[in-house]
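Novice: Here's a structure for you.
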Amino acid sequence: MRIKTNYLQLSAYFLLGMLWCYTMYVSVLNPPFMAYFTVDENFIADSGVFLWYGNTPRCLDWPATPSLLIFCLLFGISTLASIISHRGTYEGLLDIFEQFDRNAYQYLTDRQDLILTGRTIQLLMVGTLLVLTVRFLFRHKHPLLTPASRPALAFLIVTSYVVWFNAPVLRPEALAGTLFLYLVVQMLFTEQATTGQIRLWAILFGLILAQRLIFLFLAPAILVGVFLLLPANQWKGTLRFIGLTILLFVAACPFLLTDPLVVAKSFVGGIIAKMNDEPMGTWFNYTYIGEYFKNPVSYLLILLCLLGMVKLVGTRKWFYGVLVLNWIFFLFLVLRSAKIYDTHVLPAGIITVLVAALGAGYLAEAGKKVGTWTAIAFVMIVAFSNLREYWDFQARSHANQNKFDAYRWIISLPSETSLLLPPDLEFYVPKAQSTLLWESEQNRDTLKMARKINYILRRPGSSLEAQKFPVVALSFAFEDERLYDTQYRLLLKYTEQSKRKVYNYEVYLDNTELASHSVQREEAMENFRSGKRYRYMVSENRLDDSEPIKEFTGGIDAPLWVYEVPL
């Protein structure tokens, strides 16, 4: 069965357009509650906005600098527009600086507009890269791009869950993933690379690493591919590729040169914290592996990948063999991690899509008519499974949650009401001046900083005193005391002038070592029962000795109960 290539190409573009428009609707036009999919979005947006205040971004293991530089530019344009619109009211330079502060305060109290603008830009970039990828697949000539493999590649890429899971969210994986997809597609289906192509690939790989450093684990396959695809001067061309990649990476991450210690503290500290926080007791993360095999389509993907590997290895090209080995080795490293999120397996997921699509093409070619229909069925099953998974993800993201109902109840209370809240609600409930003052003091508490470092480095018995805490150790690992200090100063400056409701509350956690502005759960419970500090408590656990005055149980998340101290 043959379908004209033009029809298949138009169908791929049409499906891509439909998915892009749907994502635009659920992400920007009709976003989830308060527009948030994840608090990771705040990290990127905050880092970009507060570059204007001289705060070096905490790169951790991302670093997402292209995205945060976009937010830096967006905030700068927004502030410039405000300055121009109020130009007749300024008496001097300090008034202009004051406008910066007002805009930053407005951002801290309502991040939605800036985040939605950032999502729009990201979606435009992701959509453009996917169009370029599909265009390359249908227009480029290569022995692996057969009439059967082209549509399999196009439709599995366009419907891929690893692409659309990240696209509506301001995660670094959204842009890094589509850039990497475009890069690998070009390298897989190129027989001899030109100087211009090598230059483009270096630029792409440099941007990919600046956006998400985890792709560095695939560098061996990329470098071998560059070396083998060059028709001449292979060593010289590969070294130029490495040099240009590093140049682009440093240009996108200038903080490596201007603030190397800040970057090192956040990057190394974040890795140490992840390694030491919850060490894994087994050789592999069998929980994650078990969840993967609960989906029957996973077995089909493995079968298609095996066929795809046969097709690649059968070409007897070293690059394909190295790519497969690098892919398997990366999966081995990831499955050794105690905590695995879908974003962690993204590089492997992208290669899986490509290899599985080649496997479907190989099945269609080898099995003739029966093989063709079987391959079509397999591709449709995988594609519909991806679309269903994406639909379910959006349904969960937009569904009502108990914490949202609790938030709505809280803001119906009088301003300055004293509360004890679980951590999920901290992100939404505005803080009173007294709460901000207390948290600001905790943020500057050097004893708490020392405890955090002792905990991360597994030195719980250390007697490091507050007076001896090294000042240079600020902003180690997850908490950025410098950034928080800037934000607290802005909030303290304008909160009392604001007319919106604010609340005097504290957040409880079981372990407060990595979150200085929280209260240990048992201590918080004692304070609540004594009636000294809180009027209401929103609890994730139902108390045996008290009756709740309100409960929230109708959402998709864990139930919440509200307790009141008797007057």
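Novice: Using the heavy atoms of the protein chains alone and a 1.4 angstrom probe, what is the accessible area of the stretch 1-99 per residue in square angstrom? All intermediate terms of the calculation are to be shown ahead of the outcome.
Specialist: Numbers: 5050 Å² over 99 residues.
Computed with neighbouring chains in place, this is 51 Å² per residue.
Novice: Give me the net charge for the shell around K311: Cβ to Cβ below 15 angstrom, other residues only, Lys and Arg +1, Asp and Glu -1.
Specialist: Summing Lys and Arg as +1 and Asp and Glu as -1 gives +2.
Novice: What value, in deg cm²/dmol to 500, does the helix sum -39500 (n - 2.57) over DSSP H runs of n ≥ 4 give at 222 nm once divided by the residues of the chain? Please list the in-between numbers first.
Specialist: On the way: 24 runs with 349 residues, N = 567.
Mean residue ellipticity, 222 nm, calculated: -20000 deg cm²/dmol.
Novice: Something else: How far, in degrees from 0 to 90, does helix 65-85 lean away from the longest principal axis of the Cα atoms of the chain, to the nearest 10?
Specialist: Taking Cα atoms only, the helix is inclined about 60 degrees.
Novice: The stretch 195-267 to the stretch 360-436: how many Å between their Cα centroids?
Specialist: 33
Novice: Where does helix 368-398 land angle-wise versus the long Cα axis of the chain, in degrees 0 to 90, nearest 10?
Specialist: 10
Novice: Another question, then. Provide the per-residue ³J(HN,Hα) series for the stretch 298-312, in order, calculated from phi with Karplus coefficients 6.51, -1.76, 1.60 and θ = phi - 60°, each as a whole number of Hz, with x at glycine and proline positions.
Specialist: Karplus-based 3J(HN,Hα) across the stretch 298-312 equals 4, 5, 5, 4, 4, 4, 5, 5, 4, 5, x, 5, 4, 4, 5 Hz.
Novice: Continuing with this model, one more query. Find the relative contact order for the chain and round it to a whole percent, using C-alpha pairs within less than 8 Å whose residues are 6+ positions apart.
Specialist: Working: 747 pairs, mean separation 92.1, N = 567.
Dividing the mean separation by the residue count of the chain yields 16 percent.
Novice: On a 0 to 90 degree scale, rounded to 10, what angle separates helix 234-252 from the longest Cα axis of the chain?
Specialist: Once rounded, the angle reads 20 degrees.
Novice: Calculate, for the stretch 164-214, the solvent-accessible area per residue in square angstrom, rolling a 1.4 angstrom probe over the heavy atoms of the protein chains. Could you put the intermediate results ahead of the total?
Specialist: Working: 1130 Å² over 51 residues.
Each residue of the stretch 164-214 exposes 22 Å² on average to a 1.4 Å probe.
Novice: Ignoring ligands, DNA and RNA, what percent of the 1.4 Å accessible area of the stretch 5-398 is carbon and sulfur? Can you show the working numbers first?
Specialist: Details: 12150 of 17770 Å².
The value for the stretch 5-398 is 68 percent carbon and sulfur by accessible area.
Novice: Considering only DSSP beta bridges whose two residues both sit in the chain, what percent are antiparallel, to the nearest 5?
Specialist: On the way: 8 of 17 bridges.
Rounded to the nearest five, the antiparallel share is 45 percent.
The values are calculated or read from the model by the stated rules, or taken from the named source; none is laboratory data. All of these numbers come straight from a predicted model, not from anything done at the bench. Using ideal geometry, Cβ is built from the backbone for each residue, glycine included, and neighbour counts are taken over all protein chains shown. These area figures cover heavy atoms from the full protein model, side chains too; ligands, DNA and RNA do not enter into them. Shrake-Rupley method; radii C 1.70, N 1.55, O 1.52, S 1.80 Å.
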